[in-house]
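Below is one structure, written out as structure tokens, with a few remarks after it.
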Amino acid sequence: MNRKYILSLLLLLSVFSLSAFESNRLSFELNIEQEATNLNQFFYPVMPGDTIALNVISKHPESIVLQNTGGEIQNVKLNHWQYIAPSNSGDYSLILTDKTSHETMNVTIIVLVSASEQKGEYLNGYRIGNYPTVTYKNRNKYKVPDGFIEVTEANKDLFITPHFQLKQFLCKQASGWPKYLVLSPRLLIKLEHLLLELNKMGTPSNSLFIMSGYRTPYYNKSIGNVQFSRHVFGDAADVYVDENGDSSFDDLNNDGKINMSDAEIIYKIVSEIDNDPELTHLLGGMGKYNKNARHTFFIHVDTRGYKARW
């Protein structure tokens, strides 16, 4: 087998792998309160009984149909609705269909378990710990969560966006079921953008390895991390690309080495997202970390609302 043939085969495999990635983006956009998405799979956490506003921007406004499996939908005007969440915590579905383009968006409404149900440091046997009693610099994003996503063996594999599952963001602390989680939809939008850009540049990636997602205040304190870590508030993830499943950063620049230069490819993409005037709502912190005895190289990404770098 000659060198030219091998190179052609590798190029063909690369093109095939890239084409296998589906961005799963639709021609219409859904706005849920302050979040906007055109992903065909999405999620939104809401407190029991709360009312949220929904509206769709579409080229075919008369063709949009909204259905639900729980809660109550009230029509406001064309493509504008109010959704009243069920009073019981759990997972419910909103299904939006464009009858002209035949596109469908599935939105999982996750009704939270109220933080008021926490007894001491525990919620239903799961150790949460104690959130800070003061708000960092009076920033709204550092408020104590109102509620938690309940994750069970039954829903842990749920895809909350096209390329990410609920279980990927669980805290690492050992426990039985159920477990509890705080997770921002905005973080998932940013991670999906990052994944899309990786594939556009020729790095086939079907997901990102989430080395650390949510951390309970208890776990965060146990590993000696800072009190106001964004992980505690559910809008941060430490990520790397690991398509071959070897628990190490992949060789993204194809130089035959695994080092910080591979992680810096993700760092650069996130910087571009943060500097995009159309994506200012995704602005956040970012840090790069070297490999050590416990983990490979990784990049911290969050959506804290202002730029921070380390």
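Excluding residues fewer than 8 places away in the same chain, name every one of the lysines whose C-alpha is closer than 25 Å to that of residue 77.
Counting by Cα, and skipping residues close in sequence, residue 77 has these lysines nearby: 59, 99.
Projected onto the charge dipole of segment 145-268 (+1 at Lys/Arg Cβ, -1 at Asp/Glu Cβ, origin at the Cα centre), which of 206, 189, 220 gives the Cα projection farthest towards the positive end?
Positive-end residue among those listed: 220.
Please get the size of the charge dipole for the chain, origin at its Cα centre, with Cβ charges of +1 on Lys and Arg and -1 on Asp and Glu, quoted in debye to the nearest 20. Write down the numbers at each step before the final one.
Numbers: 30 positive and 33 negative charges, 192 e Å.
Its charge dipole is roughly 920 debye.
Within 10 Å, at most 16 other Cβ atoms, and a DSSP state outside H, G, I, E, B define an exposed site. Report the longest part of the chain free of exposed trypsin sites (Lys or Arg not before Pro).
Numbers: sites that count: 59, 99, 139, 143, 156, 172, 257, 291, 294, 307.
The longest uninterrupted stretch comes out as 173-256.
Considering only the other residues whose Cβ falls under 15 Å of the Cβ of residue 92, what net charge follows from Lys and Arg at +1 and Asp and Glu at -1? Working shown, then result.
Numbers: positive: none; negative: 50, 72, 91, 150.
Charge balance in the 15 Å sphere: -4.
If we count every other residue with Cβ under 15 angstrom of residue 60's Cβ, Lys/Arg +1 and Asp/Glu -1, where does the sum land? It would help to have the intermediate numbers written out before the result.
Details: positive: 59, 99; negative: 29, 62, 98, 103.
Combined, the nearby Lys, Arg, Asp and Glu give -2.
Per residue of the chain, what 222 nm ellipticity follows from adding -39500 (n - 2.57) for every DSSP H run with n ≥ 4, rounded to the nearest 500?
Working: 4 runs with 56 residues, N = 310.
Theoretical 222 nm ellipticity from helices: -6000 deg cm²/dmol.
List the chymotrypsin sites (Phe, Trp or Tyr not before Pro) in segment 36-93 that DSSP assigns to loop (not H, G, I, E or B) and whose Cβ has at most 13 other Cβ atoms within 10 Å. Which are they? Walk me through the numbers on the way to the answer.
On the way: sites: 42, 43, 81, 83, 92; in loops: none.
Taking segment 36-93 and a limit of 13 other Cβ atoms within 10 Å, no loop chymotrypsin sites (Phe, Trp or Tyr not before Pro) are found.
Which aspartates and glutamates, if any, have their Cα less than 14 Å from the Cα of residue 268, not counting same-chain residues under 8 positions apart?
Residue 268 reaches 197, 276.
Cβ under 15 Å from residue 50's Cβ, residue 50 left aside: what net charge do those residues give with Lys, Arg +1 and Asp, Glu -1?
-4
Please figure out what share of the DSSP beta bridges in the chain is antiparallel and state it in percent, rounded to the nearest 5.
Numbers: 53 of 61 bridges.
Looking only at bridges with both residues in the chain, the antiparallel portion is about 85 percent.
Treating the beta-carbon of each Lys and Arg as +1 and of each Asp and Glu as -1, no other charges, what is the dipole magnitude of segment 128-168 about its Cα centre, to the nearest 20 debye?
Dipole about the Cα centre, nearest 20: 380 debye.
Given a cut-off of 24 Å, name the pairs among 172/200; 172/307; 156/291; 119/143 whose C-alpha atoms lie farther apart than that in the structure shown.
Details: 172/200 32 Å; 172/307 27 Å; 156/291 29 Å; 119/143 19 Å.
Those over the limit are 172/200; 172/307; 156/291.
Just need the relative contact order of the chain here, percent rounded to a whole number, with Cα pairs under 8 Å and 6+ apart.
Numbers: 603 pairs, mean separation 39.8, N = 310.
The value is 13 percent.
Any read-out appearing in this document is the output of simple, stated calculations on the displayed coordinates, not a laboratory observation. It should be emphasised that the depicted structure is a prediction, and the values quoted were computed from it without experimental measurement. Positions of Cβ are generated from backbone atoms using ideal geometry, with glycine treated the same way; all protein chains shown enter the neighbour counts.
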